[in-house]
1. Being closer than 20 Å to P25 by Cα, modelled with pLDDT of 90 or more and of a type in the set (S, T, Y): is that true of S154 here?
2. Report whether or not V34 is crowded, with 18+ Cβ neighbours inside 10 Å, modelled with pLDDT of 90 or more and within 15 Å of the chain's Cα centre (by Cα).
3. So is K50 modelled with pLDDT of 95 or more and touching a Pro at 6+ places or on another chain (Cβ under 6 Å) or not?
4. Which members of the range 43-61 meet the condition of being surrounded by fewer than 12 Cβ atoms within 10 Å (Cβ to Cβ) and of a type outside the set (D, E, K, R)?
5. Can you name the residue in the range 62-116 that is at pLDDT 95 or above and of a type in the set (S, T, N, Q) and, of all such residues, is surrounded by the most Cβ atoms within 10 Å (Cβ to Cβ)?
6. For the range 15-66, which positions are over 29 Å from N118 (Cβ atoms) and of a type in the set (S, T, N, Q)?
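The values are calculated or read from the model by the stated rules, or taken from the named source; none is laboratory data. All values derive from a computational prediction rather than experimental measurement. When we count neighbours, we look across all protein chains shown, and the Cβ atoms used for this are built from the backbone with ideal geometry, even at glycine.
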Amino acid sequence: MMQVLNKAELPILQDGIRESDISNPQGYYELEDVKNIVADNSFLDNAGGKVVKIVAPLPIYMKPELKYKMVFMRRDIDEILQSQEKMLLKDQTSEREKFRTIYEFHLKKTYRFFQEHNIPFIDINYNELMAKPIGTLQKVVDFLELDADAESLSGVVNPELYRNRNEG
């Protein structure tokens, strides 16, 4: 999604510290300050009009008094867990139910935060994005009121990078 928003020429708040790798050859578009958002979210004061990648479960630490539009990427939990295991080079099959429960708890907290603070958001399903990029990206274009068309943005969607699939 960050590549899509970059292609749409939205300014992205990033520092380039996390470099591209085999898992994400186009880069991560991340800001190191986000990792410390629980203790210090002041970087958001200078993020007006910019895209900031904030991974779950961290959105609940955003400043509710600021204005946001959230594109909330959702992915099959089993695929998330498989991806994490590969990245960590560690089989965590025995821990999956615990992680699933924790993930679902954080999702509920995040949605409650959005609702309590009237933060507009759109759910974008990663699997749907891979299968039907133009239709899915049209929702993003409409939600963010982008001056870009979904078909041109879909060119950055790379199904070859969709490697951790839940075949079940």
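1. Values: closer than 20 Å to P25 by Cα: yes; modelled with pLDDT of 90 or more: yes; of a type in the set (S, T, Y): yes.
When the stated conditions are applied, S154 passes them.
2. Taking the combined requirement at face value, the residue satisfies it.
3. In short, yes.
4. N46, G48, G49, V55
5. That would be T110.
6. Of everything in the range 15-66, those that are over 29 Å from N118 (Cβ atoms) and of a type in the set (S, T, N, Q) turn out to be S20, S23, N24, Q26.
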